[in-house]
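Since the structure comes first, as structure tokens, the remarks are kept for the end.
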Amino acid sequence: MRASRRPIPWHFLIPALIAGAGVLLPLAYLGVRALEADPRTLAELVLRERNLRLLLNTVALLVGVLLGTALLALPLAWLTTRSDLRGKRFWTVLLTLPLAVPGFVGAYALLGATGPSGMLEAVLGIDWPRPWGYWGAWGVLVLFTYPYLFLNLRAGLLGLDPSLEEAAQSLGYRRMEVFLKVVLPQLRPAFYAGGLLVGLHVLGDFGVVSLMRYETFSYAIYLQYSASFDRVYAAWLSLMLIGLTGGLLWLESRLLSGLSFSRVGLGSARLARPVPLGPWRWLSYPLLLVPVVGALLIPLATMLYWALRFPYENRVSVTEALANSAQAAAPAALVAVLLALPLAYLGVRFPSPFSRLLERTAYLGYATPPLAFALALIFFSLRGVPFLYQTLALLVLAYALHFMAEAIGPMRSALYQAPPRLEEAARNLGFGPLQAFLKATFPLLWRGVLASLALVFLSSVKELPLTFLLAPVGYSTLATQIWAYTSEAMYAEAAPYALLIVLFSACFVGLLISQERRR
Amino acid sequence: MKNLRIAIVAALALGALAQAQGTLTIYSGRSQGLVDPLVKQFQAETGIKVNVKYGRDAELLAALQEEGARSPADIFWANTSGALGAAQPLMIKLPASITSKPSGFMPGSGTWTPLSIRFRVLAYNTQKLKPEQFPQSVMELPQQTQLKGRIGWTPTYSSFQDFIAAMILVHGEAKTKEWLEGMKRLEPKVYPSNPPMMEAIRAGEIDVALTNHYYIQRFVKAGYPIGTYYFAKGDVGSLALVTGAGILKSSKNVANSTRFLIWLLSPKAQQFFPGELFEYPVTKGAILPTTLNPLDDILARSPKIDFEKLQLDNALKVLREAGLL
């Protein structure tokens, strides 16, 4: 492509190399541990027929959830960007919030709501069948992961140049044809980026599938650590999972190669005129309400219902956990965006096998089971930077490195849409590469940056294994408190934290969404 | 202004006191919801500043193994004898001032002390089943064909694995495998932990569950129709499980750590376990709530086995061969 002949500017290369190295450390650790294995036991544990079955289970769930989230997220993203739906920002915040609910809480609460004398029957008289098995895991994962795709698609839709669609329309295409032939193909980077996150989430999920009694591969990894207290064989299983992820990444990069969606026209893009929904409006509400009711209303109502039913024994103080969550997650979001930006930039503007590889490493960090990721950081920080061990700084860094992949997608989609010619023009005007980027391209990435911040923030707020192991001693967050109380069936104590995690995330996402139109 | 100055002086003095008493760092697999009041009380009584890292047994143990001698932790406090057994190489031999306190369950290695006891029981839906319908021994459970599809269990959960290890010790590996195969024919449903299993009884997904006694108590308090069935005295289905803690070799505060463990074995702290958590104490003299059995009676129910001889590895192997892990 045009820019690839030029040498990669060091302002981008060095941070990108640092980010890549940070993510590869855990892999090195897993390698160290994996090599300690005794070959015979290894063969027994790894090459089992059961592992093959788990692998098939995992792939089946992966495909199902990808399809489900795509079918849900696309209309939602379109409604909240392109239609004349009222309260688009309000809906956007609500529709993003399922990301704030930790998966194990969501799944557990849905189990508490359903079945005879569940919350729904006690309050509304509805005996809804209990979710379980493949379809249970599918439904719950779709409900709690579609926002990854939704946010990416929204950023993509908002960045599209409406003049393309207008041109198609003026050529006589009907609206639906324009959508299928012009809009949808342009959303491919957003689909791939969001779908990759959904996919990696499904591969790594342990909380939801175990509660739905559906066994997948990451379930086996967790069992290896928790049942046999064994770091060596767990490392092997983790490496196998990372291998699976590698396959997914390879597939995505094949699909992405050769894409270019930037505007070629002069001047800056306008916002598209909203499409009137007309009588379809009444159909859009049920669609908007399904995820809001299923992933937010019912879980929160169940927590409240439990809170009223179960005895309240401990006085809880929420302020400290709230402050701790904010202190760790907000800087983590910022650092992750700073680390991901050069990776995304190199991947789009200097496409080469090397820059692609660098970008992909970020996803490997995301695919590394968090428990293994945390152990790796313990291993290296104690040997290299012991003064950082169990400090807030290390926790922030861990979140940022682990969730960096979530930050890449939205910015990459935005970069695909930002015309390189603007930056070239800035270079011709005498600006250096960094200045040219900041003046010409960065402003166009704004919406992507906001979506990236939101994604990393929400993931960090609800994160558990990294927090357990890397946080300073005595440091509890909203998520660790929810876990501590729900795992002992102390729902009255858990409820305030659960409500707060959603409210707090709502405030943060609301703040980001309100910034979308500023530039 | 003067008040402020007094307050500052007082705060400084308190700070200095805390400094003088030193600190204590605990890695606790027992969750904050359960044991935080105990930690707070110890801190208030002694002035020792206690920092706790809460987590899950397995994760904290993995962290301790990675940290080795560099660990900032003084004490490892865990839910299961399995985790404590695995942590044994990292812990010091406890002094007699601690090991003389518990009335039983002291491990032969002397590297950790039991702190409270739980029991394996059968939970059942009181609206659908009567205790007379259950067998005397858990070993006869596979023959209860009327329970097909109605049983819940937690093969991935540590307490269940301890139970299988005990079964191997008492009845041998062949019998244990036979039992697992028999149970599998009853098509039991697998749960990751005990509270979701209690929810499943409520929802009619299952009607009986192999679980630990204290979970039932909490759900009964919330009005769930769940009853507790105890198998006959000495039956492996009534196995006692201990929680406990030990002092790590990496500890730089052995004196404070010792003091904490002795305090946890004091009558006041021991009373906390039955009073607040429905767990049984390990020292004599605590007053038990009416929903719990007398201590002597319940101790007589558990099979007499040496807990050091429980082989978690064997249990895992058998469970893997049965396709349950």
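Readers should treat all values here as calculations from the given coordinates under stated rules, not as data from a laboratory. Bear in mind that the values here come from a model prediction, so they are computed numbers and not experimental data. Positions of Cβ are backbone-derived with ideal geometry, glycine not excepted, and every protein chain shown enters the neighbour counts.
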Each residue of A:110-117 has, on average, a number of other protein chain C-beta atoms within 10 Å of its C-beta equal to 4
Restricted to chain B, the DSSP antiparallel beta bridge percent, nearest 5, is 65 percent
Partner lysines whose C-alpha sits under 17 Å from that of residue B:268, ignoring same-chain residues fewer than 8 away, are B:40, B:101, B:284
Other residues with Cβ under 13 Å from the Cβ of residue A:157 give, with Lys and Arg +1 and Asp and Glu -1, a net charge of +2
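Just counting partner chain Cβ atoms within 10 Å, what average do the residues of peptide B:25-33 show around their Cβ?
Partner-chain Cβ atoms within 10 Å, mean over residues of B:25-33: 5.
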Applying the span-like rule to chain A (DSSP H, Cα extent along axis at least 27 Å, Kyte-Doolittle mean at least 1.0) gives A:10-34, A:49-79, A:231-256, A:318-349, A:392-417, A:442-462, A:491-515
Listed by chain and number, the lysines with an alpha carbon less than 27 angstrom from that of residue B:148, same-chain partners under 8 positions apart left out, are B:128, B:130, B:175, B:177, B:184, B:189, B:233, B:317
Along region B:115-129, Karplus-curve 3J(HN,Hα) (6.51, -1.76, 1.60; θ = phi - 60°) to the nearest Hz, with x for Gly and Pro, reads 10, 7, 10, 10, 10, 6, 9, 10, 9, 9, 7, 5, 7, 10, 9
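In percent, what relative contact order does chain A have, based on Cα pairs under 8 Å that are 6 or more apart in sequence?
RCO, chain A: 25 percent.
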When A:38, B:57 are ranked with the fewest other C-beta atoms within 10 Å first, the list becomes A:38, B:57
Here the Cα Rg-to-2.2 N^0.38 Å ratio for region B:221-265 is 1.99
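So in the protein assembly as shown, what percent of DSSP beta bridges are antiparallel if you round to the nearest 5?
In the protein assembly as shown, approximately 60 percent of DSSP beta bridges are antiparallel ones.
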Residues B:151, B:247 in order from fewest to most other beta-carbon atoms within 10 Å are B:151, B:247
Cβ density ranking, 10 Å radius, fewest first, applied to A:78, A:306, A:483 yields A:78, A:306, A:483
Note on chain B: contact order normalised by length, alpha-carbon pairs under 8 Å, 6 or more apart, percent, works out to 25 percent
Amide H proximity to residue B:54 below 5 Å, modelled H, separation 5+ or other chain, gives A:474, B:28
Using alpha carbon centers only, region B:21-81 is separated from region A:11-47 by a whole-angstrom value of 30 Å
So, relative contact order of region B:22-127 in percent, Cα under 8 Å, 6 or more apart, is 26 percent
Under 5 Å from the placed amide H of residue B:226, counting only residues 5+ away or on other chains, we find B:126
Residues other than residue A:239 with Cβ under 14 Å of its Cβ, Lys/Arg counted +1 and Asp/Glu -1, net out at +1
